[in-house]
Amino acid sequence: MLENVWHPCGLAAEKLGIRESQLSELREYVHLKPGIHWRSSPLGQLKPWSPEVIYNVNACEKVISKYKLLKFNQIAA
């Protein structure tokens, strides 16, 4: 059975073992590419001008591991 790899920010951050702010920073600073690592999810949302971002956890994990990003992920918030 195939697993859903697209998750909202909070759940994706939890699965990756990082904070939501760290995940957002990776997206903002172009380590995570749109369409591959994240996308907007307008389905079921009433405000299409403010869609929720969802993340592909498997793809994000590969980038974090490859570039050894977030060595500080063990640091408490």
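Mind checking which aspartates and glutamates have their C-alpha under 14 Å from Lys33, skipping anything on the same chain fewer than 8 residues away?
By straight Cα distance, Lys33 reaches Glu25, Glu61.
When Lys and Arg each count +1 and Asp and Glu each count -1, what net charge do the other residues less than 12 Å away from Pro34, Cβ to Cβ, add up to?
+2
Here, each number is a calculation from the coordinates, and none is a lab measurement. Every value quoted in this text rests on a predicted model; they were computed, and no experiment measured them. Reconstructed Cβ throughout: ideal geometry from the backbone, glycine too, with neighbour counts over all protein chains shown.
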